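Worksheet: the structure to be examined is printed underneath.
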Amino acid sequence: MDDAMLPDPVARGTVTRRELLEAGWKIGGGLLAVAAAWTSWEALRPLADVSGGGVLALKPASSYTEGTATFVREGRLYVTRAGGALHALAQKCPHLGCAVPFCAASGRFECPCHGSHYDLAGEWLAGPAPRGMDRHPLQVIDGRVHVNTTVLELGPPLGTDRVRLPTREGGCAPPAP
Amino acid sequence: MPMSRRRPWRVRLRESAVWRSIVRTPPLDSPRGRALRSFGNVFLHLYPVRVPRAVLAFRSTFRLGFIATVLFAILAITGTYLMFFYTPAVTMAYGDMQQLRTRIGFGQLIRNVHRWGAHLMVLVVVLHLVRVFVHGAYKPPRQFNWVIGVGLLLVTLAWSFTGYLLPWDQLAYWAVTVGSDLVHYAPVVGGPLRDFLLGGSTIGQAALLRFYVIHVAVLTIAFLLLMAVHLWRVRKDGLAAGDPPHAHDVTARAADDARIAAIAGAALDIAEPPPTVVTGDGATVARPVPRVLGVVPPDPLSRAARPPDDEVFSWPHLIVRHQVVALATCALVLALGIAFEAPLRDLANPNLTPEPAKAPWYFVGLQELLAHFDPLVAGVLAPAVLVGALVMLPYVDRNPSRRPRDRRLALAIFALLFGALVVLTVIGAFFRGPGWAFVLPWDALYFEP
């Protein structure tokens, strides 16, 4: 066939060797970057949390009396009974991660860092926290309290007031402005 | 060779083949020697042979960038020393800190110098940014060097923050808990990003090791790379203070040229300056060559005719000033290290939060903001907008003038934002007590650096 009959390479949509090589090293470099990012992520992503994994079998449900908060060191959580129901509240403040102590004088959780207050059910009362205290699923099996620390449920949104509790005078950390 | 025996040993040393193989350029006491030393010596090559005389004035830069570089060197040296005595393990770190104090020679002093030097470096880098902004030194051709400078600021903050955790005491643990929990307010990526940095959902062994590696290796490499480019560009562009007057002001520059042309008594071709200049008393002299102040009479021309590109040799004028500033910086951190002990509280206890738990001081303004606004706004949007605005600044601000009276709006916005940051930081650092309640610092001070 006559050469003049062939359309030129550009019109045929083909690429020259130079264009192929130029695109090739960019694609190769891109693939290398993806591979580097992937291996870095696989190597550095957090391992499954070993600190709070498992179901804790605690004391009989009857030993947690109304209006008390019992700290469970193994799970860094409180078991409370408020309004008749049991709650397993994570000690970590949902605001900025401080450890929230229970204030016996006021019967509330009062965060020393930024003045977030929560009631015994972990519902938000005051302060800058974005929600109530986070909690773990709690079940009573054969009369004993079991807390599953592998699951962390976010606390109830601000303004939740399902559990009405009597207020006490006194306090430990003043509420935030 | 009786002559050579009588000559002092220093002269003979300098003339020896070995010495001349090490220092291959003539000595610095002649212009030729200064020029060749700048070309041929890797360290002096950081300086140009000559600099505009305006750069010698302390107020031209307040030497802040140079001080930051000196502090970096001090931190690198003291940090390397500390690495010999530190194990990044939760079971070891705190004990190592106590050993530094009790058993290692000058251990506590080195730690003090490292800590105060680090705080000072954050402060100096921020002041450097303020100085560059106020002088308009981010304007063309220096736009991208400003962006690199913002990168260096972020690396400095990350450096200080990662170092904060390493002593593994109550102060370290809770400041980093609060500081890193700010990240998780970022939508979608915040939580995973925080866990990625910490290597888990809480601060533990993984977080300590990660912070350590980031502190001593990752950020050091990043800082050195950025600093190399930053200094290279300063070297190539020169310091803004040395730019010809009104370099970015077209009308003023034209007036300048007209003034010089009138003095020269001839029309002046701006692109091709004449080889001679007419002095006030009518004599024609050659354009001034770079000179050594004090050796050559300081005013060979009338003041009016002095061309704007008056230059002096870097050695000795600029380099000696830098040496003085470097020594003063070393003396300051050493004095701070002797006078004030770096704090070491009780061993980190994840179950007991001290009151109040504050982030490190440079993040405490953010924490204060968080007490007033929605976390998404205060914890994520505000810092992201701030960093974004800093990066975009040289491209958004197209005003070519660097004179303050032409930049009223830019200076007002900057003063407002920077003032707000300072006020928030001061309130958060000094006026907040347990429960983030307002306290007066003269009643009770809850600030630990």
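Peptide B:178-189: average number of partner chain Cβ atoms within 10 Å per residue?
Average neighbour count from other chains, rounded to a whole number: 2.
Can you pull the one-decimal nm distance between simple spin-label points at B:A339 and B:W442, each 7 Å off the Cα toward Cβ?
Inter-label distance under the simple model: 2.1 nm.
Can you list which of the trypsin sites (Lys or Arg not before Pro) found in region B:344-425 are DSSP loop residues with at most 13 other C-beta atoms within 10 Å? Walk me through the intermediate numbers first.
Numbers: sites: B:R345, B:K358, B:R398, B:R402, B:R405, B:R407, B:R408; in loops: B:R345, B:K358, B:R398, B:R402, B:R407.
Loop-located and lightly packed - B:R398.
Would you kindly state how much longer the chain becomes between B:E15 and B:A228 on full extension, computed as 0.36 nm times their sequence separation minus their alpha carbon distance, in nm to one decimal?
73.3 nm
How large is the dipole of region A:55-148 about the Cα centre if only Lys and Arg carry +1 and Asp and Glu carry -1, each at its Cβ, rounded to the nearest 20 debye?
160 debye
Could you list which residues have their amide H under 5 Å from that of A:G127, counting only those 5 or more apart in sequence or on another chain, with H placed in the peptide plane?
A:H117, A:A176
Dipole size in debye (nearest 20) for region B:304-439 around its Cα centre, Lys and Arg Cβ +1, Asp and Glu Cβ -1?
Taking the Cα centre of region B:304-439 as origin, the dipole is about 440 debye.
Using 0.36 nm per residue, how much length does the chain from B:F144 to B:N399 gain when fully extended, once their Cα-Cα distance is taken away?
Here the answer is 90.2 nm.
If you wrap region A:55-148's Cα atoms in a convex hull and average its projection over all directions, what's the area in nm²?
One quarter of the hull surface, i.e. the mean projection, equals 5.5 nm².
Express in nm, to one decimal, how much length is gained between B:A415 and B:V324 on full extension, taking 0.36 nm for each residue of separation and deducting their alpha carbon distance.
Taking B:A415 through B:V324 to full extension adds about 29.6 nm, to one decimal.
Throughout, read-outs are computed from the coordinates displayed, never taken from laboratory work. Keep in mind it's a predicted model, so treat the numbers as computed, not measured. Backbone-built Cβ (ideal geometry, glycine too); neighbour counts: all protein chains shown.
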